[in-house]
Amino acid sequence: MQTDTTTTGHVATGAAQLPQVTEPRNPGMALDMDWVRAAQANTSAIERRAGSLSGRRSLKKDHQAAWMLKAITCIDLTTLSGDDTAGRVRRLCAKAAHPVRADILDALGVSGITTGAVCVYHDMIEPAVAALQDTGIPVAAVSTGFPAGLSPFHLRLAEIGESVKAGAAEIDIVISRRHVLTGNWQALYNEMKAFREACGDAHVKAILATGELGSLRNVARASLVCMMAGADFIKTSTGKESVNATLPVSLVMIRAIRDYYDRTGYRVGYKPAGGISKAKDAVTYLTLIKDELGDRWLQPDLFRFGASSLLGDIERQLEHHVSGHYSAAHRHPIG
Amino acid sequence: MTVKDIFESMEYGPAPESAGEAMAWLERTNRSFGLFIDGQMTAPGEAFETKNPATGEVLATVTQSSPDDVERAVTAARKAQGKWAKLPGHARAKYLYALARLVQKHARLFAVLETLDNGKPIRESRDIDVPLVARHFYYHAGMAQLQDSELPDREALGVCGQIIPWNFPLLMLAWKIAPAIAMGNTVVLKPAEYTPLTALLFAQICQEAGLPKGVVNIVTGNGEVGEAIVSHEDIDKIAFTGSTEVGRIIRRATAGTGKSLTLELGGKSPYIVFDDADIDSAIEGLVDAIWFNQGQVCCAGSRLIVQEGIADRFYAKLRARMDGLRVGNPMDKSIDVGALVDPVQLETITRMVDASDEGDTYRAPCPLPDQGCFYPPTLITGLSPSSTLMQEEIFGPVLVATTFRTPTEAVQIANNTRYGLAATVWSENVNLALDIAPKLVAGVVWVNATNMFDAAAGFGGVRESGFGREGGWEGLMAYTKARGKTQALAPVAPIAAPKDASVDALDRTAKMFIGGKQARPDSGYSRPVWSPKGKLLGHVGLGSRKDIRNAVEAAHAAKGWSKTTGHLRAQILYYIAENLSARAEEFAHRINEMTGKRNGAREVEASVSRLFSYAAWADKYDGAAKPVPLRGVALAMHEPVGVIGAFCPDDAPLLGLVSLVAPAIAMGNRVVAVASDPYPLAATDFYQVLETSDLPAGVVNILTGPHADLAETMAGHLDVDAVWSQSGADLSAIVEHAAAGNLKRTWVNNARARDWSGKDGEGREMLAHATEVKTIWVPYGE
């Protein structure tokens, strides 16, 4: 077990975003192949549901502003670049702690808005944890040979341990896509279970890399297997695949989450990542979550956006809401 | 609520569409409308109010058309028709294109006005109705363009009276007007009393498009106006969409008048979910099936038939989905279910549901507005096919449910209805889905989808859901007729007994042919058949009700014929031709003896050729894959109509019989044919040919007797799917009137003659009468 005091210490600061604050963690269950094999996903029907969603739900005025603020609190503000430095990460963390200009928040009558987490590579955990000291914002680290997940298995497990030791409260693992593509569900289950155990008290988000799984049915089945193996969150993408988060994929994954909750009573979180950069899209995602999963999932302990540029668009929309004038990017501090 | 409160509760807020532009448009008309006749709006006459059903607010007053108004509209349409039809197709195409463009330019105004007048959610009028309206005009602009080259043998019917319902006011207008005017007809259209406003806005865009005056006329009012249209002598065609009850009245009213008729009526469409379906998607499909337009949809998937093993889980998930539906102000952009069209409709639905004490009723717990015509989404499970609510159309947001065990049982339950409009099948197994779809008695089947519509895909029903198709090439059959003039039919009387009879010693008694057996008439009566020269040729039985009953039973028993391949049917038709050819001289002699003419040999030769023609067609009357705007296919499959009663032409004793029976059986129908009344013996000889030709028993049944005595029984038989009358006796009125019972299809001659020996005697026209077009939508994708 890779648990260490850094992690628990961090959790103890009381970050509202962390699932165990209010929800019992998903302990997982035995692999139920009958259930996995019975999972279906009709692509065209799912696309129609996803396609009509933005026409069925519309948020206006104060409601739109409030929902956009909610979206901010669900953002895993992310930098996953080869040229990341401690300085760059500190800047990002500062933005995570103060994502919206104070005068805008004042005008909206809200305070204490932060992003859900900051998400970085392993080597950036320490500067991030240091920068976020006393903010309550957890640090998430991508792990297990992110993004391809093809490094030696023992090294992937060790990477989790190192990241947890370094202070990451959340570990975003990548699954071995080949297990899905070859229908080796037992191998996927075993891998996920090992990752979960390696995480200890840190929360584990299972990145399915849905853009590489070939079909929505595979997405549904992989979602179930990862939850059975104890994932706290399931997540669409690394952001590095050619197709990242989409509404149809999200629909499939959250329906799997709903089924898992109905059968086990455990709520697993959901994180779409990559490609969500517009405030309007973020609100559409939230309506999808509200209508398909329910209000309980509209909190950062059960829902996150993996996004880097979404915040900027929301800031501009919020200023427009407050001022009545369309805003400009340079009016908002960068991260 | 503050932003902070909303941030905590994450509730939806109001997202109202503005009614401003629509209200301004109404103000510009002083909220008072006349009629659109001869290209002009008339001064308002005796008026009635049209209201917003969500609020009760009066939107405008609209004119109740008088009989004189209808007269003026028909006169204007008649005056315009000749010139309109003579325009080159390209000229009409330009007008339809202009209408399509104008619908798009005024899309928002149309959508808002529709929602205000009808109560449907603005999302639906904005995202579904109005785009489909534009699509329909674009598509039929193309049809007008292609008419000259692709339909050279068809021409416009003339003046069309069109009566449309309130559930899709503008869309149904488009479905009616676009194909009609594309083909060169002119129209007098009556929108529903509850929802006249978008039709009146459409009148305005007809003016903006510069449409020649009189091509489109719009008369508003109640059912009396509809009656005036239906009974108007100078109208050539009635197209009606609405209730089965009114459709039946119209069928009777137009019987024997020579008017063409298409009816798109009610339904109780099955929605079948197999245990291998994507259940969540099937449930979402139900939202589009029964909670679309408040369930006020003729093809609504209103009968849920779910496989027993998954039923409980399915119902639980469905109830959870219902909990999330939002009912309320239809002008709100976040509303799933709007207002019913009128308090009368609310009262009807409430009464029907309250009258049932069967099953478990679940009402979605969504709050309803304090005022207006709102009914909660409702699910009634645990019903059986014998429950009233499983049989009767509710036309509201009420889903009824039962379970099945096997695919066969699913089909049996699905088809256990008087209706046959649409059906939905959910299964991830392509073998299962594509096996079930053809077995469902319906004009439209959606596989893993529901309520999909497109101008290229035919829409329409079978059984008591009506007849005729709207959309696609097949839809043009409803607005065109074969080119050319016809002659009045000359009745042929049986030859009377001569003063000096010449009787052969050996008695020959022709029997009837029922279920593959020679049968004596149930009546026990016969009549002699005399040659013009006074020779007794034999006796034939006088057919009666019971013989029709027996023959129809036999035809139903031969249902396996409808499942045979075209290749097999072709072989049997060739074989019949071969066996007839072998006895050509005998048949020629018989014909000559009966008619006293000398063309028997030619008639036999033509009959052999005709059998060859339909043997050829048996495996060549192709369906189509329609280019609908979706990833998937919409298959237009030609299916047999079922059991057809056919009154054969009197003047061509053999060729007339062959000309009706051959296309019918080539397409897989079973036939009860009534032989030429004056010259019946060629038909009764013909059954000996059938007996030696491997035709299964019951596929063709041949009766004899006076047509007029049998017509009412045949046309009134509730298990006969179509009746054709090409009799020398004019049975058109009797047949069409009696056909109203089960709204069977009819093909009557309206006392016009046809040259059975020429090209008008065979071909696609008959094949179209012998088939139903079933549109099977199969969206796909992995």
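What follows is calculated from the coordinates using simple rules that are stated; it is not laboratory data. Computed from a predicted model, the values in this text were never measured in an experiment. Glycine gets a Cβ as well: all are built from the backbone with ideal geometry, and neighbour counts include every protein chain shown.
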1/(1 + (r/R0)^6) with r = Cβ-Cβ of residue B:87 and residue B:355, R0 = 60 Å, i.e. FRET efficiency to nearest 0.05, evaluates to 0.65
The equivalent-ellipsoid semi-axes of the stretch B:640-682, taken as the square roots of five times the Cα gyration tensor eigenvalues and listed largest first in whole Å, are 20, 9, 6
Restricting to aspartates and glutamates and to Cα separations under 18 Å from residue B:597, and discarding same-chain partners fewer than 8 apart, the set is B:585, B:586, B:605, B:650, B:651, B:677, B:755
Note to self, chain A gives a 222 nm [θ] from helices alone (DSSP H runs n ≥ 4, -39500 (n - 2.57) apiece, / all residues, nearest 500) of -14500 deg cm²/dmol
Residues B:249, B:290 in order from fewest to most other beta-carbon atoms within 10 Å are B:249, B:290
Once normalised by the length of chain B, the mean sequence separation of its alpha carbon contacts under 8 Å that are 6 or more apart gives a contact order in percent of 12
With only helices counted (DSSP H, runs n ≥ 4, each -39500 (n - 2.57)), the per-residue ellipticity at 222 nm for chain B, to the nearest 500, works out to -12000 deg cm²/dmol
In the neighbourhood of residue B:496 defined by beta carbon distances under 14 Å, the net charge of the other residues (Lys, Arg +1; Asp, Glu -1) is +2
The equivalent-ellipsoid semi-axes of the stretch A:61-330, taken as the square roots of five times the Cα gyration tensor eigenvalues and listed largest first in whole Å, are 30, 22, 15
Of the listed pairs B:511/B:774; A:205/A:280; B:51/B:237; B:79/B:259; B:517/B:620; A:278/B:120, those with alpha carbons more than 28 Å apart are B:511/B:774; B:51/B:237; B:517/B:620; A:278/B:120
Expressed as a whole-number percentage, the relative contact order of chain A with C-alpha contacts under 8 angstrom and at least six residues apart is 23
The local net charge around residue A:147, scoring Lys/Arg +1 and Asp/Glu -1 for residues other than residue A:147 whose Cβ lies under 11 Å from its Cβ, equals -1
For residue A:271, counting only aspartates and glutamates whose alpha-carbon sits under 15 Å away and dropping same-chain residues fewer than eight positions off, the answer is A:76, A:170, A:172, A:232, A:281, A:292, A:301
Loop-resident trypsin sites (Lys or Arg not before Pro) in the stretch B:401-504 with no more than 12 other Cβ atoms inside 10 Å, DSSP not H/G/I/E/B, are B:405, B:483, B:485, B:499
In this structure, the FRET efficiency calculated for residue B:9 and residue A:83 from their beta-carbon separation, with R0 = 35 Å, to the nearest 0.05, is 0.25
Chain B, Kirkwood Rh and Cα Rg, ratio Rg/Rh at 1.01
For the protein assembly as shown, the convex hull over Cα atoms projects on average to an area in nm² of 47.7
Between residue B:557 and residue A:150, Cβ-based FRET efficiency (R0 45 Å, step 0.05) works out to 0.10
Using alpha carbon centers only, the stretch B:192-250 is separated from the stretch B:108-156 by a whole-angstrom value of 16
Nearest 10, in degrees from 0 to 90: the angle of helix B:244-254 to the longest Cα principal axis of chain B is 50
Per residue, the convex hull enclosing the Cα atoms of the stretch B:524-638 spans a volume in Å³ of 173
